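Some notes on the structure that comes next.
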Amino acid sequence: MSTEKQSPIEGIKIKSDGLRGTLKESITLDNHTGNVRPDDEALVKFHGMYVQDDRDRREERAQKKLDKLYSFMIRLRIPGGIIDADKWLAIHETSEEYGTGVLKITTRQTIQLHGILKHELRPTLQSFDKAKLDSIAACGDVNRNVIVSSHPLVSPIHQSIHAYADKLSKHLLPKTQAYYEIFVDNEKIYERETEKDDLYEDRYLPRKFKIAIAIPPTNDVDVFANDLGLIAIIENDKLIGFNVAIGGGLSTTHGNPNTYSRLASEIGFVDSEEKVLKLAYEVLTIQRDYGNRGDRKLARLKYTVDKLTVDGFKEELEKRIGFKLEPSKAYQFTERSDNYNWHQVHNDSWYYTLFVENGAVKPNQKAFLHELALLRISNFIFTANQNLLLGEISSENKQIVENLLQKHQINDDISELRKNSMACVALPTCPLALAEAQRYLPELVTKIEPLLAKHNLQNDDITIRMTGCPNGCGRSYVSEIGFVGTAAGQYNLMLGGDRYGVRLNKIYKEKLYENEILEELDLVFDNYIKERIPYETLGDYTNRKYFTAN
């Protein structure tokens, strides 16, 4: 069991009265600030929110001796990322009434709203509650939103696999009803006896926990970047179970050699829903009991796995679940990108994948999606690549959707590199960001595209990702070209990751500015064209050339 001196956050959780703290007072009584009380900043995350401020306006407000311009980001809990048209309408209308109006699709198949002022928190969450949406456990030291391969084209039994996301999410939810008491019902006080939580107890987890379900041959969820990865094994169009992988996580800290990115280790196979749910639950209890509660930078499951060793973790897990894992089954990943434009699936319905650059829904896209939702002829599926899949469209309605796409000038003529780009939010709202990401990557891609054309690589399916800090929210460590922010306008250039998310990249050059990035990539592309072997991807070439050749 963990014996480290506990971090201050641990005390806040234990004393919080089921994550209540003084949140009600912070929100309703403290009118002198747009923030909540210091301890409540930690607790509000468990309810799906982060306190942020507009960093673009810090200096201006400081000169005027004004408080920071505080607001809240709210992230919804949408296991598997599927909602119907009515829920989309609720999200649209709520975003128009509160916050900035911008909808942001995250890498975890959900949506988040920025710029919600403190006095708007309760009406915003009440609006979502009416639509049967919530933000419970979308952040915080608990199991986060469960993600799953999004496109049903890959398997006729996709729907049955997809259902596991919701089952796991419900199975691993905290028992406290504080969310409803504080943000929805206001007056209602829940019986504390009903909140006894055998999973999280009163300490919750040492850090956040992420689960992904991949459906081979696609690895759009980057399954090995998660604390717990489940890989669906399908034989003769029948789900026979899941391979289990543990200990993935990408976050690092600049200058701290004790932190590192790690891909999950496969430890075996389970063959039933009952076993999957039991196993997931007990993986969390091991992390609860053995995870590092002294240093939050070393508190993710990957460090617990390495401390216990993979074999030691597996032995403890089998003891807790009461059965032996079977050997892993064979599978293969051959794709990771979303399937853009129109596709017809096994039941003859149509799907259309809308490219949403870095997850930021543009005004014309938002108008299109609102008009489409009003017709109630499709569902809406967020992808782990930050795009939006419009699904279950009948052949009769396909032309209606096509007409709306043309009406709102939705452009399909996008380069392969841009389609395979991903970025975290970063500035101006993320307090951890050292450099730009979401706002800057589109501009950088525009400058890289001519280099690809120069070397006749414009049709290559290259993955490119950027994060504004080393925490890896944009999954930059599992891309062929990765950028990790180190300071304003400065990035580590990462190369050598594979195309399908099963090998980490490595630092190729540190602390580069834009002109240096473009010079280095021009040289890399030139060498790649001259020296690659048949069918070798850019990631495989750079790994061979720069990291394994010697």
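One table, with the values for the structure above:
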quantity	calculated
In sequence order, calculated HN-Hα J values of segment 84-97 (Karplus, 6.51, -1.76, 1.60; Hz; x Gly/Pro)	8, 5, 5, 5, 4, 4, 5, 5, 4, 5, 5, 5, 6, 7
With every protein chain in place, segment 302-409: carbon and sulfur % of accessible area (1.4 Å)	49
All aspartates and glutamates inside 17 Å of LYS5 as judged from Cα atoms, apart from same-chain residues fewer than 8 positions distant	ASP289, ASP295
Spin-label zone in segment 519-550 - amide nitrogen under 20 Å from a point set 7 Å from the Cα of GLN332 along the C-beta vector	533-541
Residues ILE14 and LYS175, FRET efficiency given R0 of 22 Å [Cβ-Cβ distance, rounded to 0.05]	0.90
Distance from segment 251-325 to segment 395-414 (C-alpha centre basis), Å	45
Packing rank of 284-294, 107-117, where each peptide gets the mean count of other beta carbons within 10 Å, highest leading	107-117, 284-294
Rounded Å value of the spacing that divides the Cα centres of segment 483-520 and segment 133-178	32
Potential extension, THR446-LYS132 segment - 0.36 nm per residue separation minus Cα distance	109.0 nm
Quarter of Cα convex hull surface for the chain, i.e. mean projection, nm²	26.0
Point-charge dipole on Cβ atoms (K/R +1, D/E -1) for segment 427-526, about Cα centre, debye to 20	380
For segment 178-264, fraction of C-alpha pairs farther apart than 14 Å, in %	75
LYS319-LYS196 FRET efficiency (beta carbon distance; Förster radius 22 Å; 0.05 resolution)	0.40
The chain, dipole about Cα centre (Lys/Arg Cβ +1, Asp/Glu Cβ -1), debye to the nearest 20	1080
Accessible area of segment 486-550 belonging to carbon and sulfur atoms, whole % at 1.4 Å probe	50
Shape call, segment 403-550: gyration tensor on alpha carbons, a/c limit 1.5	oblate
Rounded D (µm²/s) - segment 483-550, Kirkwood Rh over Cα pairs, Stokes-Einstein at 4 °C, 1.567 mPa s	104
Accessible-area composition of segment 98-206, carbon plus sulfur, in percent [1.4 Å probe]	51
Solvent exposure of the chain as accessible area per residue, Å², 1.4 Å probe	41
Segment 276-404: projected area of the alpha-carbon convex hull, averaged over directions, in nm²	12.3
Out-of-range pairs (alpha-carbon distance over 18 Å; input LYS278/LYS329; LYS175/LYS324; LYS45/LYS175; LYS175/LYS302; LYS64/LYS118; LYS398/LYS419)	LYS278/LYS329; LYS175/LYS324; LYS175/LYS302; LYS64/LYS118; LYS398/LYS419
Gain in span if fully extended, ARG296 to GLU93, counting 0.36 nm per residue against the direct Cα distance	69.4 nm
Where no second cysteine Cβ lies under 4.7 Å, the cysteines concerned in the chain	CYS139, CYS430, CYS469
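The values are calculated or read from the model by the stated rules, or taken from the named source; none is laboratory data. In this text, all values refer to a predicted model and were calculated from it rather than measured experimentally. Methodologically, a virtual Cβ is constructed for each residue, glycine included, from the backbone with ideal geometry; neighbour enumeration extends over all protein chains shown. These area figures cover heavy atoms from the full protein model, side chains too; ligands, DNA and RNA do not enter into them. Shrake-Rupley method; radii C 1.70, N 1.55, O 1.52, S 1.80 Å.
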